[in-house]
Amino acid sequence: MGRIGDLSRRDMLKLFGVSVAGSLAGVTYPTQLRAQSSRVTPLGTARNCIVIQNNGAPSPPEFLDFKETKYTANDLDPQVVAGNSDFILSKTLLPRMDVWAPHAAVVRGMKGVALVHFPAQYHVQAGRAFNPALVREIPALGSVIARDLEPQRRESDTFPTYISFDLDIARCPPIGTGMLPPKYAGLDLTTGTILETFGGGGENTDKSEVLSQRYETLGRMLEVSSMGNDALGSKAGEYVASYDSAIQLLMDPRFQQVLDVTDEEKQRYGVDANRARSNFGLGMLLARNVLKADAGSRFLWVCNSTNGGNGQFDNHDVLYDREASLTGGRVSVYQSLPRFDMALASLVEDLIAMPGHEAGKTAFDETLIVVVTEFGRTPDMNPHGGRDHYIETYPMMLLGGGVKGGRVLGKTDETGGKVIDTGWNFREQTMMDHMTSTIHSALGTDYSSVIEDTPSGRAYEYQQTAPLGGPSFIPLSGFEDLFI
């Protein structure tokens, strides 16, 4: 007998002894969308967005809200950025800051919503505070972006709009699409195994042929077999669609090109210096390659997790300990920040050198890079040589995609522990919710949008203004003032 792929449907039915194929029922998802406000006009300054999630919460006094206090190490070499005396970074901890810092804008005085890593990281990923009653229907920010950018996808696009790296080992792993269709789910790639599993360039040609033949065989068998459909119910069609998308991706030669990285590139991004469960440098390098492939992915999420759990920046201790081992999870700022700096500088260099879609623009001009984390750290150091969780104020950063470098939004006191100026036209502190709105706006989508027909019946606002169990009021706004 020939290959199953060569058999007719009649022959397949005879072979497997069945007479009819199982049917797949449809699923209904929310479709009703309206705007909360007619006042919002999206900026539309960026085509792509890369979110960098620094898990564990880097200590602001050594990073994006640099403060010299009695606790500060004496070898950090503070430098003023872009002539702004309120924008200071440590040259010791960020030796390549000259590459990216002049392009960056910082938001200070942000308010956290949780002192525990899981709900705080959820807030980052969902763009809203954790609500147990609605957790199953709330989608990830990346899924919402994927839905909004769906009309712009081209026939040649095989990569999903939303791709993440190493989010699976975060304290809060990928939260999924919630009430949105599975087609908007992000593809999470694990840097610890991705090259070994799928890399190899042209050496994988034979593997691709075998994969294609096996998938064809499976498809022909499913034509005439209803086994399993009853268990899957109305979700069966979604599984089929998911498998089809995965095969499309794996068979696309552009995916192999994404995984084709040189030793020189690995060295520039600090890949070899970061031997752990995940590799931030490799995640950033692959993110660059995904944008370069131009195969449909436009919202990328690089999770700086190292060994998983709370993250390497969870410095309740070893904040200044140069001997702390990477295998132990958290490491000192003398190790964690230079690795971040090396990868970010290399990414910015490469995006500046890469042509954009619009004439005269670079990929950096068209790509918003956002550096986020879950909360801050106490201005005082504890007896163990570290800083504890703190939600009263903490910073985040933006660059590229139309951002005006050298700007600082918000101001803290001499210790970094108290907000003395919110930096905008509201008395309320800025929050991750507003960074979410900024991302929407830069990508050209309306953050005042509302999905009406949710499973719970409670409207899903792209940016909440009066969340249950949260602040009494959150201003409906992004950080538009930071853009050119």
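What to note about this one:
- Within the accessible surface of the stretch 354-401, defined with a 1.4 Å probe on protein heavy atoms only, the carbon and sulfur portion equals 55 percent.
- Full extension of the chain between R458 and R154 gives 106.1 nm of extra length, using 0.36 nm per residue less the Cα-Cα distance.
- Tail fraction, Cα-Cα pairs, the stretch 292-446, threshold 24 Å, whole percent: 46 percent
- Rolled with a 1.4 Å probe across the full set of protein chains, the surface gives H103 an accessible area near 70 Å².
- Computed over the alpha carbons of the stretch 35-159, Rg followed by Dmax gives 19.1, 59 Å.
- Estimated inter-spin distance, F118 and T41, nm [label 7 Å along Cα→Cβ]: 4.5 nm
- Inverse of mean 1/r across different Cα pairs in the stretch 444-484, Kirkwood, Å: 11.9 Å
- Dipole orientation for the stretch 58-158: of the candidates S156, I145, T69, I145 has the Cα lying most toward the positive pole (charges on Cβ; Lys, Arg +1; Asp, Glu -1).
- Modelled this way, with points 7 Å down the Cα-to-C-beta line, the labels at R322 and A353 are 3.2 nm from one another.
- Gain on full extension, evaluated as 0.36 nm per residue between K418 and D77 minus their Cα-Cα distance, stands at 120.4 nm.
- Most tightly packed first, judged by the mean number of other beta-carbon atoms within 10 Å of their residues, the peptides 413-420, 120-127 read 120-127, 413-420.
- Surface per residue (accessible, 1.4 Å probe) for the stretch 126-202, Å²: 40 Å²
The values are calculated or read from the model by the stated rules, or taken from the named source; none is laboratory data. Small disclaimer: the values here were computed from a predicted structure and weren't measured. Every residue, glycine as well, gets a Cβ built from its backbone with ideal geometry; the counts of neighbours run over all protein chains shown. These accessible areas exclude ligands, DNA and RNA; they are computed on the full protein's heavy atoms, side chains included. Shrake-Rupley method; radii C 1.70, N 1.55, O 1.52, S 1.80 Å.
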